[in-house]
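Shown next, in structure tokens, is the structure this report addresses.
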Amino acid sequence: MVKMKHASIAAVAPALLLAGLLPATASAKIIEVGATRPSALVAPTCPPGATGSKCTIVLTGVTALETIRDGHTYPTTVTQPGYIVAFTLGLSALNRNRATALSDLRYLDKTYGTTRARITVLKPAGTARHRSWVVTAESPTIHLQPYLGEIVQFPLAVALPVTRGEVVALTVPTWAPVLSIGLPTKKFAYRQSRTTGCTTPSITNQTQSRVGTSAVYGCNYPGTRIEYSATEITTPPVPRNYLR
């Protein structure tokens, strides 16, 4: 009996020692910044009866920041430091009728330029009552026309660093059909990087286009959702017992 007991301890001891030497796991996480429930990202469509200029699903010439989504305030706020490696857009097909869609496309291209977008990382400045937003990073601009009618994810060749408290905005220097409209005003809203002319589309480029620039987002649009999100890979946490 005694020999068996000692033999058992001898067999277990190396395993316990090995377990003690195994490194702790410190993994990065993948977070879809801006994704909320129950609303999934969709390709916007015009509400029934809203045609032509009455269907305001097209965003033009601004940087746009979602302020409420499914009741969550500033849903694209970064909660952990890391890197944005991709962004996803829901892009409207403009119209189910191909001829009408092509006509709309030509008009929008002629008025604003070919459809393009990029993401912009912003940090808040000032007080909550007098808030402005400062650009800390931005992605290259993507040509969107081939993807109209799709929900598409665009990988970034160079990841954008982000820190806790920053937000991810969508910049549209020309036009992009990314707005879902006619939604509950208390659950969805976004703001644009301008303070005047809020009731009409921006004809001139009023985007935030350079790192370090700041802007006040004075135009508020309740009941509208921007169909975008960003994919973040977080920085792995530093283990408490690292060698130093």
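What follows draws every value from the coordinates through simple rules; no lab data is involved. Remember, it's a predicted structure, so these values are computed and weren't measured experimentally. Neighbour counts run over all protein chains shown; Cβ positions are idealised from the backbone, glycine included.
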So Glu66 fits all but one of (1) within 12 Å of Ile226 (Cα to Cα); (2) in a helix (DSSP H, G or I); (3) of a type outside the set (Val, Ile, Thr); what number is the exception?
(2)
Restricting attention to region 208-228, which residues are crowded, with 16+ Cβ neighbours inside 10 Å and within 18 Å of Arg118 (Cβ to Cβ)?
Gln208, Ser209, Ala215, Tyr217, Ile226, Glu227, Tyr228
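Name the residues in region 86-121 that are of a type outside the set (A, V, I, L, M), closer than 16 Å to Val172 by Cα and assigned to a loop (DSSP other than H, G, I, E, B), would you? It would help to see each step written out before you state the result.
Let us first name the residues in region 86-121 that are of a type outside the set (A, V, I, L, M), namely 87-88, 90, 92, 95-98, 100, 103-104, 106-107, 109-116, 118, 120.
Now narrow it down to the ones that are closer than 16 Å to Val172 by Cα: 87-88, 90, 92, 109-116, 118, 120.
Listed by number, the residues that qualify are Ser92, Gly113, Thr114, Thr115.
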Selection within region 123-147 - part of a loop (DSSP other than H, G, I, E, B), under 25 Å from Gln80 (Cα atoms) and touching a Leu at 6+ places or on another chain (Cβ under 7 Å):
Ser139
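Residues are listed down the side, and each one gets a yes or a no for (1) farther than 17 Å from Arg69 by Cα; (2) free of Cβ contacts under 8 Å to residues at least 60 places away in the same chain; (3) not in a loop (DSSP other than H, G, I, E, B):
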{"residue": "Gly149", "(1), (2), (3)": "yes, no, no"}
{"residue": "Gln153", "(1), (2), (3)": "yes, no, yes"}
{"residue": "Ala157", "(1), (2), (3)": "yes, yes, yes"}
{"residue": "Leu170", "(1), (2), (3)": "no, no, yes"}
{"residue": "Trp175", "(1), (2), (3)": "yes, no, yes"}
{"residue": "Gly182", "(1), (2), (3)": "no, no, no"}
{"residue": "Ile203", "(1), (2), (3)": "yes, no, no"}
Looking only at region 28-79, which residues are acidic (Asp, Glu) and buried (at least 21 other Cβ atoms within 10 Å of the Cβ)?
Glu66
So, Val158, is that one of a type outside the set (D, E, K, R) and surrounded by 15 or more Cβ atoms within 10 Å (Cβ to Cβ) or not?
no
